[in-house]
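A quick write-up on the structure given underneath.
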Amino acid sequence: MDVELRDIHKTFGPVRASVGINLSIPAGTIQGILGENGAGKSTLMKVLSGFIRADSGEILLDGRPVLIHSPADAIRHGVGMLHQDPLDFPPLRIIDDFVLGRAGGLFPDRSAAAQGFRMLADQFGFALDPETYVDSLTVGERQQLEILRLLWWGARVLIFDEPTTGISAVQKEKLFAALRLLAEQGKTVLFVSHKLEDVEGLCHRTAVLYQGHLVGEVRPPYETSKLVEMMFGKAIEVEARNPCPGQEITLSLKDLSVEDYRLKVRGLSLEVLSGEVIGLAGMEGSGQGLFLRSVAGLVRTVGGRIVLRGKDLTGRSYHAFKRHGAAFLPASRLEEGLATGLNLTEHFVLAEEARGFLVDWRAARQLAQKRIEDFNIHGTPTSRVEALSGGNQQRALLALLREPLALLLLEHPTRGLDVESTIYIWSKLKERCRQGTSILFISSDLEETLHYSDRVLVFFGGKVTSPLDAGGLTSEMLGQLIGGKGAPELKPGKAA
Amino acid sequence: MRKSLWIHVAFQLGALVAALLLTTLILVAVGAPPLGAYASILRGAFGSSSNLENLLISWSPLLLTSAGVLITFSAGLWNIGVEGQMVLGAIFATGMLRSLQDTGFPPALIIALGILAGAVGGALWAGVAGALKTFGGVNEIFGGLGLNFVSTALTIYLVFGPWKRPGTGSMSGTQPFDRTLWLPSLPDMQLSPWSLALSILAILCVFLLLRGTHFGLRLKAVGKNSKAAFLMGVPTWQYSLFAFLLCGAFAGLAGAIQVTGVYHRLLPNISNGYGFLGLLVAMLVNYQAIWAAPVAFFFASLNTGSVQLQLLYQLDSSFSGVLQSFLVLLVLLGEGARQRFLKLQWKPRWMRTPS
């Protein structure tokens with residue numbers, strides 16, 4: 001089926017996720033949608049699949065304009081989407097999951113469904129037993145199930161959102177073979193990814209998004225350097241770098257290993273000097289988040305040692321890390337960082353060490369007023385945190401940190417903030433560095449990573465490069481490393 | 001700010017009026033004169049000094065359960081088990097009085113120990129729900145509900161089994177205690193100033209705890225966002241568990257007061273729904289302890305006032321529950337509507353931006 005998107009606009013508050021996107025995809029094509037995190041890939045795909053309604057714009061299928069207001073509308077028109085996390089029902093059997101959601105009668109026709117399931121599975125060479133339970137499947141197999149389900153529902157346009165995250169190389173090959181088969185059958189495949197290698201190896205054509213704009217369409221043969229440049233935009237003029245590492249070792253990691261259900265980071269060793277800034281680069285979910293949370297004591301390590309200012313904290317709780325001078329700022333400010341419903345004064349009281357039984361509200365309000373001024377927060381001591389803008393919430397989070405700190409761990413400290421706020425926040429962070437605080441931060445902004453880090457660790461699928469001197473890196477080299485294409489002189493692998 | 005306050009008041013008043021309208025409809029439907037019924041509720045609550053006394057007698061346990069539930073609400077916990085915690089308080093108090101009544105200890109000491117035992121019993125029962133939640137991953141609503149049934153069964157077992165009256169056990173409860181073990185009441189009255197004072201003290205304590213202390217603020221932080229509270233250094237599960245224990249202690253006190261100050265024995269229906277009613281009060285005041293006292297007073301007056309409906313209009317006295325429930329439902333509904341109204345998120349279909 002031919003798909004055409006015309007002048008799609010979508011904004012979320014101040015964020016412009018899609019700005020006048022025009023894209024036309026003929027049937028039988030594998031269309032790549034490439035872009036960094038937050039470039040607007042998922043938003044655009046969710047518009048097409050009915051999860052989000054665009055503010056304006058038109059969707060045409062086979063040349064006819066259609067209204068898609070819900071995923072059910074989308075599938076009626078033959079558009080189905082595979083989400084990054086499979087939307088299935090782990091406690092159900094495969095066959096029940098397969099039947100679920102399909103319209104028709106009070107009693108689902110299981111035998112017909114089972115027959116259809118086997119036929120489709122054979123076609124693609126998927127070895128799935130319809131009687132097993134979904135929760136016994138791997139992520140790759142769950143994707144296969146989703147593909148079969150969408151096809152059985154009559155999908156002729158299939159959208160894959162980052163399908164190669166968390167599946168094995170073998171399963172990836174199988175997936176790619178299935179996608180090519182789909183295209184041969186005349187189905188339209190949209191392949192959303194930030195992985196250059198996957199896009200280059202699979203897609204007939206690729207559209208690149210950057211900050212909500214469609215910056216261009218590329219056909220094979222692909223030129224990696226050009227894709228990287230389009231993906232990350234033009235380099236911004238940067239001010240002088242300002243490194244200030246001291247002499248003592250703040251944090252020492254020895255052979256650290258940490259894992260979750262989809263990723264393993266193995267044998268990472270690192271010594272961080274006081275005042276040093278280490279940037280953790282990599283696409284979301286490559287292991288940097290897991291690593292950062294393990295250094296905060298929030299995720300239990302499975303091997304190795306964490307020594308903070310000479311104190312071995314391996315296996316201790318987050319609160320022990322906190323007592324020894326580590327602080328962690330989460331990326332999701334309102335979900336994890338701030339308590340919705342409480343005001344700024346109450347937050348400052350919570351963050352400070354409690355003295356006595358009763359709260360001294362007068363002193364607390366004075367403290368809040370002072371910090372609000374110091375950190376240039378647009379709000380009052382009685383402002384509830386949810387009423388603040390994103391930038392002000394981030395400033396508030398920084399203002400909540402105690403002094404002095406040995407180690408500051410930040411997840412996307414400036415995500416979603418405007419340039420002014422970003423510069424302000426980094427000036428505050430650099431102040432901390434000059435006082436001897438070491439910083440580890442995750443960012444998906446290459447310029448930010450290069451500009452503010454002294455050294456950079458690049459994560460890809462749980463693998464980590466050795467610490468790279470930020471001064472010797474360009475955004476292009478970093479972009480390639482992030483996309484899993486190791487520049488030969490840098491040799492990604494186990495960290496030194 | 002001003003304007004949003006007025007909107008708030010308007011929505012609350014609207015809810016009250018709507019609740020009255022709905023109850024009036026029901027009164028009309030069952031053939032009772034609405035005005036007459038409301039008047040008799042008022043008379044039943046405030047009409048005579050003995051009515052007023054009954055009102056205060058039922059205000060006390062309601063204040064205690066409301067005080068307890070406010071603590072768990074602040075910690076973001078739906079302690080449905082408060083009813084059973086009150087029952088366990090009554091059982092523990094009865095047990096303590098029974099085991100000490102023949103020892104010759106001073107009666108005041110026995111009563112004090114009985115009340116203390118009630119608080120401990122309630123706290124232990126709440127601790128079970130809390131431990132199930134914290135360590136077993138059992139939602140406190142399910143845990144509490146299950147424990148409520150167990151507590152009822154336990155009471156009936158005790159009343160008809162080990163603690164039965166001489167002869168055969170009966171629904172009227174265990175053998176009443178000797179008058180010396182009754183919580184002292186005012187002369188020629190049933191109202192005990194001790195229980196009244198204790199419950200007022202309890203609600204004051206909770207008010208101060210939630211408003212002025214680090215403990216209260218941390219508890220609220222856990223309730224509003226336990227992840228953020230944890231990252232800010234609050235030991236979250238310990239706080240949740242402690243909230244359960246405190247709430248249970250207050251509920252247990254309520255049970256102990258029913259035993260020592262009102263019925264002077266253990267009854268199968270000793271909790272009389274005060275636990276659930278406390279939940280309604282806490283929901284209605286929306287975490288603000290300062291309003292719990294007047295709202296509990298209002299609810300207690302409905303309870304005592306509606307007793308006469310039975311005689312006058314053949315309406316069951318549980319009719320007050322209808323009005324109370326309507327009120328809570330509509331206030332919660334009004335709150336939801338207000339928030340939508342303020343955010344202006346909700347627009348009729350025709351006002352939404354076309355796509």
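Does B:Leu267 satisfy the criteria of being more than 14 Å from chain A (Cβ to nearest Cβ) and within 16 Å of the chain's Cα centre (by Cα)? If you could, list the steps in order and put the result at the bottom.
Working: more than 14 Å from chain A (Cβ to nearest Cβ): yes; within 16 Å of the chain's Cα centre (by Cα): no.
When the stated conditions are applied, B:Leu267 does not pass them.
Inspect the stretch B:201-217 for any residue being more than 14 Å from chain A (Cβ to nearest Cβ) and out of contact with any Leu (no Cβ under 6 Å at 6 or more places or on another chain) and give the result as yes or no. So that I can check it myself, show each step before the final result.
Taking the stretch B:201-217 and keeping what is more than 14 Å from chain A (Cβ to nearest Cβ), we get B:201-204, B:206.
With out of contact with any Leu (no Cβ under 6 Å at 6 or more places or on another chain) added as a condition, the list becomes B:201, B:204.
Within the stretch B:201-217, one or more residues are more than 14 Å from chain A (Cβ to nearest Cβ) and out of contact with any Leu (no Cβ under 6 Å at 6 or more places or on another chain).
Sort through A:Gly304, A:Gly325 and tell me the only one that's buried (at least 17 other Cβ atoms within 10 Å of the Cβ) and away from chain B (no Cβ under 14 Å).
Values: A:Gly325 fails: away from chain B (no Cβ under 14 Å).
Going through A:Gly304, A:Gly325 in turn, just one is buried (at least 17 other Cβ atoms within 10 Å of the Cβ) and away from chain B (no Cβ under 14 Å): A:Gly304.
For the stretch A:88-119, name all the residues that are in contact with an Asp or Glu (Cβ under 9 Å, 6 or more places away or on another chain), surrounded by 14 or more Cβ atoms within 10 Å (Cβ to Cβ) and closer than 21 Å to A:Phe160 by Cβ.
Answer for the stretch A:88-119, where residues must be in contact with an Asp or Glu (Cβ under 9 Å, 6 or more places away or on another chain), surrounded by 14 or more Cβ atoms within 10 Å (Cβ to Cβ) and closer than 21 Å to A:Phe160 by Cβ: A:Asp88, A:Phe89, A:Ile94, A:Asp97.
Check whether at least one residue in the stretch B:205-225 is aromatic (Phe, Trp, Tyr), over 30 Å from B:Val159 (Cβ atoms) and assigned to a helix (DSSP H, G or I), and report yes or no.
Of all residues in the stretch B:205-225, those aromatic (Phe, Trp, Tyr) come to B:207, B:215.
Pick out the ones that are also over 30 Å from B:Val159 (Cβ atoms) and you get B:207, B:215.
So of that shortlist, the ones also assigned to a helix (DSSP H, G or I) come out as B:207, B:215.
Looking through the stretch B:205-225, at least one residue is aromatic (Phe, Trp, Tyr), over 30 Å from B:Val159 (Cβ atoms) and assigned to a helix (DSSP H, G or I).
Tell me, which residue of the stretch B:59-116 that is part of a helix (DSSP H, G or I) and among the charged types (D, E, K, R) is nearest to the chain's Cα centre (by Cα)? Steps first, answer last, please.
Residues of the stretch B:59-116 part of a helix (DSSP H, G or I): B:59-74, B:82-100, B:107-116.
Restricting the remaining residues to those that are among the charged types (D, E, K, R) gives B:83, B:98.
Working: B:Glu83: 8, B:Arg98: 26 Å.
Per the stated criteria, the residue is B:Glu83.
Could you pull out the residue among A:Ser24, A:Ser56 that is more than 26 Å from A:Thr165 (Cβ to Cβ) and without any contact (Cβ under 8 Å) to a residue 24 or more places away in the chain? Quick ask: steps written out before the conclusion?
On the way: A:Ser56 fails: without any contact (Cβ under 8 Å) to a residue 24 or more places away in the chain.
Criteria check complete, one pass: A:Ser24.
Exactly one condition in (1) under 30 Å from A:Ala396 (Cβ atoms); (2) more than 8 Å from chain A (Cβ to nearest Cβ) is not met by B:Ile257; state its number.
Only one criterion in (1) under 30 Å from A:Ala396 (Cβ atoms); (2) more than 8 Å from chain A (Cβ to nearest Cβ) is unmet by B:Ile257, namely (1).
Among A:Leu409, A:Leu405, which is the only one that is in contact with a strand residue (DSSP E or B) (Cβ under 7 Å, 6 or more places away or on another chain), within 14 Å of chain B (Cβ to nearest Cβ) and buried (at least 21 other Cβ atoms within 10 Å of the Cβ)? I'd like the intermediate steps shown before the answer.
Details: A:Leu405 fails: buried (at least 21 other Cβ atoms within 10 Å of the Cβ).
Residue meeting the stated conditions: A:Leu409.
Scan the stretch A:301-308 and tell me whether some residue there is assigned to a loop (DSSP other than H, G, I, E, B) and in contact (Cβ under 8 Å) with a residue 60 or more places away in the chain.
First pass over the stretch A:301-308, keeping only residues assigned to a loop (DSSP other than H, G, I, E, B): A:301-302.
Narrowing further to those that are in contact (Cβ under 8 Å) with a residue 60 or more places away in the chain: none.
No, the stretch A:301-308 contains no residue that is assigned to a loop (DSSP other than H, G, I, E, B) and in contact (Cβ under 8 Å) with a residue 60 or more places away in the chain.
Check the stretch B:232-245 and report whether any residue there is assigned to a helix (DSSP H, G or I), assigned by TED's automatic domain parsing to the domain that holds B:Val159 and more than 29 Å from A:Val385 (Cα to Cα). Walk me through how you get there before you give the answer.
As a first pass, look at the stretch B:232-245 and keep what is assigned to a helix (DSSP H, G or I): B:236-245.
This time we only want the ones that are assigned by TED's automatic domain parsing to the domain that holds B:Val159, so: B:236-245.
Okay, now just the ones that are also more than 29 Å from A:Val385 (Cα to Cα), so B:245.
Yes, the stretch B:232-245 contains at least one residue that is assigned to a helix (DSSP H, G or I), assigned by TED's automatic domain parsing to the domain that holds B:Val159 and more than 29 Å from A:Val385 (Cα to Cα).
Please identify the pairs in which a residue from the stretch A:326-337 that is within 19 Å of A:Leu407 (Cα to Cα) has its Cβ atom under 9 Å from the Cβ atom of a residue that is of a type in the set (Val, Ile, Thr), counting only partners at least 6 apart or on another chain.
Between residues of the stretch A:326-337 that are within 19 Å of A:Leu407 (Cα to Cα) and residues that are of a type in the set (Val, Ile, Thr), the close pairs are A:Ala326/A:Val295; A:Ala327/A:Thr437; A:Phe328/A:Val295; A:Ala331/A:Ile442; A:Gly337/A:Val385.
Looking at the stretch A:317-338, which of the residues that are assigned to a loop (DSSP other than H, G, I, E, B) and closer than 19 Å to A:Gly275 by Cβ is nearest to the chain's Cα centre (by Cα)?
As a first pass, look at the stretch A:317-338 and keep what is assigned to a loop (DSSP other than H, G, I, E, B): A:317, A:324-325, A:330-332, A:338.
Cutting the leftovers down to closer than 19 Å to A:Gly275 by Cβ gives us A:324-325.
Details: A:His324: 29, A:Gly325: 28 Å.
Result: A:Gly325.
Of all residues in the stretch A:50-90, count the ones that are facing chain B (nearest Cβ under 10 Å) and assigned to a loop (DSSP other than H, G, I, E, B).
6
Kindly indicate which of B:Ser74, B:Ser49, B:Ser60, B:Ser40 is in the same structural domain as B:Leu158 (by TED's automatic domain parsing), of a type in the set (S, T, N, Q) and either modelled with pLDDT under 90 or under 30 Å from A:Thr380 (Cα atoms) (or both). Spell out the reasoning first.
Details: B:Ser49 fails: in the same structural domain as B:Leu158 (by TED's automatic domain parsing); B:Ser60 fails: either modelled with pLDDT under 90 or under 30 Å from A:Thr380 (Cα atoms) (or both); B:Ser40 fails: in the same structural domain as B:Leu158 (by TED's automatic domain parsing).
Only one candidate passes the filter, namely B:Ser74.
Are any of the residues in the stretch A:141-164 assigned to a helix (DSSP H, G or I) and basic (Lys, Arg)?
Yes, some residue in the stretch A:141-164 is assigned to a helix (DSSP H, G or I) and basic (Lys, Arg).
Looking only at the stretch B:218-236, how many residues end up being facing chain A (nearest Cβ under 7 Å) and either touching a residue at least 40 places away in the same chain (Cβ under 8 Å) or touching a strand residue (DSSP E or B) at 6+ places or on another chain (Cβ under 8 Å) (or both)?
3
Under the condition of being hydrophobic (A, V, I, L, M, F, W, C) and out of contact with any Leu (no Cβ under 9 Å at 6 or more places or on another chain), which residue from the stretch A:377-409 is modelled with the highest pLDDT?
Restricting attention to the stretch A:377-409, the residues satisfying the condition of being hydrophobic (A, V, I, L, M, F, W, C) are A:377, A:385, A:387-388, A:396-401, A:405-409.
So of that shortlist, the ones also out of contact with any Leu (no Cβ under 9 Å at 6 or more places or on another chain) come out as A:387, A:405.
Working: A:Ala387: 81, A:Leu405: 91.
Ranking the candidates gives A:Leu405 first.
Looking only at residues in the stretch A:331-375 that are among the polar types (S, T, N, Q) and surrounded by 15 or more Cβ atoms within 10 Å (Cβ to Cβ), which one is farthest from the other protein chains (Cβ to nearest Cβ)? Show your work before the answer.
First, the residues of the stretch A:331-375 that are among the polar types (S, T, N, Q): A:332, A:340, A:343, A:345, A:366, A:369.
Adding the requirement that they be surrounded by 15 or more Cβ atoms within 10 Å (Cβ to Cβ) leaves A:343, A:345, A:369.
On the way: A:Asn343: 11, A:Thr345: 10, A:Gln369: 18 Å.
Top of the filtered list is A:Gln369.
Looking at B:Gly14, B:Gly44, B:Gly104 in this structure, which one is free of Cβ contacts under 8 Å to residues at least 12 places away in the same chain and over 19 Å from B:Ser271 (Cβ atoms)?
B:Gly104
Check the stretch A:4-12 and report whether any residue there is without any contact (Cβ under 8 Å) to a residue 24 or more places away in the chain and surrounded by 15 or more Cβ atoms within 10 Å (Cβ to Cβ).
no
Looking at the stretch B:165-186, can you tell me whether even one residue there is touching a helix residue (DSSP H, G or I) at 6+ places or on another chain (Cβ under 7 Å), assigned to a helix (DSSP H, G or I) and within 30 Å of B:Ser49 (Cα to Cα)?
yes
Going through the stretch A:439-496 one residue at a time, which ones are modelled with pLDDT under 80 and of a type in the set (A, V, I, L, M)?
A:Ala487, A:Leu490, A:Ala495, A:Ala496
Among the residues of the stretch A:35-45 satisfying the criterion of being surrounded by 21 or more Cβ atoms within 10 Å (Cβ to Cβ) and over 13 Å from A:Phe160 (Cβ atoms), which is modelled with the lowest pLDDT?
Filtering first and then ranking leaves A:Glu36.
Within the stretch B:187-200, restricting attention to residues that are assigned to a loop (DSSP other than H, G, I, E, B) and either hydrophobic (A, V, I, L, M, F, W, C) or within 13 Å of another protein chain (Cβ to nearest Cβ) (or both), which residue is surrounded by the fewest Cβ atoms within 10 Å (Cβ to Cβ)?
B:Met189
Going through the stretch A:125-169 one residue at a time, which ones are at pLDDT below 85 and either of a type in the set (A, V, I, L, M) or over 28 Å from the mean Cα position of the chain (by Cα) (or both)?
Answer for the stretch A:125-169, where residues must be at pLDDT below 85 and either of a type in the set (A, V, I, L, M) or over 28 Å from the mean Cα position of the chain (by Cα) (or both): A:Leu137, A:Val139, A:Ile167, A:Ala169.
Please state which of the following conditions B:Pro268 fails to meet, knowing it meets all the rest: (1) crowded, with 24+ Cβ neighbours inside 10 Å; (2) in contact with a Ser or Thr (Cβ under 7 Å, 6 or more places away or on another chain); (3) of a type outside the set (D, E, K, R).
Condition not satisfied by B:Pro268: (1).
In the stretch B:102-127, what residues are closer than 20 Å to B:Leu64 by Cβ and of a type in the set (Val, Ile, Thr)? It would help to see each step written out before you state the result.
Start the filter on the stretch B:102-127 by keeping residues that are closer than 20 Å to B:Leu64 by Cβ, which leaves B:111-127.
Within the stretch B:102-127, B:Ile111, B:Ile115, B:Val120 meet the criteria.
Does A:Glu448 satisfy being closer than 30 Å to A:Glu36 by Cα and crowded, with 21+ Cβ neighbours inside 10 Å?
Numbers: closer than 30 Å to A:Glu36 by Cα: yes; crowded, with 21+ Cβ neighbours inside 10 Å: yes.
When the stated conditions are applied, A:Glu448 passes them.
The values are calculated or read from the model by the stated rules, or taken from the named source; none is laboratory data. If you're wondering where the values come from, they're calculated on a predicted model, not measured in any experiment. Because the Cβ atoms are built from the backbone with ideal geometry, glycine has one as well, and the counts that use them run over all protein chains shown.
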